[in-house]
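Take a look at the structure set out below.
Bear in mind that the values in this text are calculations on the coordinates, not laboratory data. Just so it is clear, the model here is predicted, and its values are computed rather than measured. Positions of Cβ are backbone-derived with ideal geometry, glycine not excepted, and every protein chain shown enters the neighbour counts.
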Amino acid sequence: MTKSANEHLNIRDLDNKAELLPDKHREAVREKAEIMLRYSDADIAEMSADNIKKLLIEFQAHQTELKKQNEELSKAHQEITESRDAYARLYDLSPVGYLTLDKAGIIQKVNITAAALLGRSKEELINKKLVKFIHLSDQNNYELFIHHLLAHRAGQALNAITKNASSDPPTHLECKYFQLCTDKAQPGDKNKPLTIECHARVVYNDKNVLQICLTLNNITERQQAQETISYLNEKLEETVRRQTTELIVSNLSLMKKVEELRRSKHQLLEREAKLNSIFNASVEGIITINVSNIIVSANAAVETIFGYQPEELVGCNINKLIPSPPKDISDCSFPHVKLAGQIKEVEGLHKNGSVVPLDLSVAEFSIDNAHYFTHIVRDVSLRKHRERQDKEHLDELAHVTRLGLMGEMASGIAHEVNQPLSAIASYTQVSLNLIDTETPDLVKLTEILHKTQQQALRAGRIIHRMREFVKSHSKHRSSADINALIHETVGLCIADLKQNGIRLTFELENNLPLVYVDHIQIEQVIINLLRNSIDALKNLPAKQQPQISIQSRLTLNNCIQVRVKDNGLGLDKEQQQKILTPFYTTKADGMGMGLSISRSLVEAHEGTLHFNSEPGRGTSFYFTIPIRRKSDEY
């Protein structure tokens, strides 16, 4: 029971005592007066004047005492009334609602605050059951609350929604804190949910009648605040859980990344160690320069190539090692960019002043927006020496092959030379006969001598071409018309063509660009192809006309292609697989070197040699030579 409930009981007791006190006092005075009168009536006749006088004085004293007591009683009654009114005002105006119920739950007494909390006037509540003003959802709880109160005679407490609230239990927005701040429920507001806290106690009045004293407190805001706090705590816990989960995941991810970084660092260290070992163990010189051509690093191999220690080169210009860049980039403002991804042949300068042939390639990279170029150089002195040896060896083989070809073509060439020599002898005899006459015909003699000269020059040209073809010579390249070269070469084989009855046709494209070649070597390739076609046509049936066609044309990739095609028996699959290999031949007395040497000579000119063949339909050998001028060399 609260203090307010005790105060309520004290006010009621004071009211009752105040009403009973005057009545009891009057009864006591009356009884005392009657006793005195009975006493005076019995003896007053026998009393003397003094006794009567004393009796009157005594009556007057009693009367004065009664007046004083009456005045004191009136004053006490007034104080009690004022006290009762004060307690009544406190009772009605208390912020706590007070109700008095009988054991049936009927409201006997109610203060203003309780009436306001229940949303009714005091007159509407008196003699009504309190349960009627409890929300339907909480009525069962209220009945159990009253039942337990009456059964145990002990204080009970209950939270319930009043009926003046909406018909449904209160609902709250997602964030209840804002509803608490902006949507407060006020007492008497019938449109707002109202939750009250009830405390009850069983008491007995002065007539020993059981009464239920209730105190009501509006806990709507407190409950909303608690619900809001609970809701916010749940949201906070949910947020903390979510953030904890995210932190755990982030921590795991971070640990994973740290582990990956650790592994990456370890791998980078291993890679750096490997690269450093490769960098220092590389046989190629690796030189890094900046955009100003200043050397910033060099590996150990530069000492072998150039004779300088790497430390001697740092801070020097790259021109100290490579004084002359390739000709095709000498005028370029950024030569290193143009060289990137390519391999060029350049000349380096050794510390002792000697020239070192080099293969140069350049790689570009950037660090912190600074550009660098790495020069990778290889000393190709040995390779150049081997290439010279190989070319000399190839020239020797080609010379031997030409001698062999001349041996094979000897009879035909002898026949070719014999014809002009026989003509010269005949013309000479006729000239002598004319001179021996009495009147020589000088005009006719001049004509015959001119023909003699022509035949002598013809024989000289044949012998000169034979000597040029078979003699050993140094490599010498010059610009040439491929069609003119074909006609000159065919002239060496014309005897064999006539002897075997072969029909030769030319399909030469006009206005072809000049090629930069070694005349003798290209003539040897064409002769080898022609001789192979002539030999292939020797086994042709007699009824079939042997034919050879020589073609020239410009290909799409700007190369000159020369094709020698015959209508012989062709090559089977096994022959096709071996025909270009050294020492393989289809001739009974052949060496198997002609096509192999021809391919080597074409490849020396940066060209290619191929063939097509179908059994029964002939064979076509063709080679391509790129168009290149002497000015293209570096």
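Here the extension length gained between residue 252 and residue 137 equals 36.4 nm, from 0.36 nm per residue of separation less the Cα-Cα distance.
Which of the residue pairs 109/163; 543/573; 75/122; 543/565 have a Cα-Cα distance greater than 30 Å in the structure shown? Violating the 30 Å limit, Cα to Cα: 75/122. The GluC sites (Glu not before Pro) found in the range 243-323 include none that occupy coil by DSSP while having at most 11 further C-beta atoms within 10 Å. Building the convex hull from the alpha-carbon atoms of the range 200-337 and averaging its projection over directions returns 20.1 nm². Each of residue 128 and residue 236 was given a label point 7 Å from its Cα along the Cα-to-Cβ line. The distance between the two points is 4.2 nm. To the nearest 0.05, what FRET efficiency results for residue 245 and residue 314 with a Förster distance of 60 Å applied to their C-beta separation? For R0 = 60 Å, the calculated efficiency reads 0.60.
Residue separation of residue 56 and residue 273 scaled by 0.36 nm, minus their Cα-Cα distance, works out to 64.0 nm of gained length. Inter-label distance, residue 77 to residue 205: 2.2 nm, where each label sits 7 Å from its Cα along the C-beta direction. Net length available on complete extension from residue 64 to residue 557 is 162.0 nm, with 0.36 nm assigned per residue and the Cα-Cα distance removed. With the convex hull drawn over the C-alpha atoms of the range 60-114, the volume per residue is 85 Å³.
For the pair residue 148 and residue 227, a Förster radius of 22 Å applied to the C-beta separation gives a FRET efficiency near 0.30, rounded to the nearest 0.05.
Between residue 433 and residue 477, the C-beta separation translates, for a Förster distance of 45 Å, into a calculated FRET efficiency of about 0.30.
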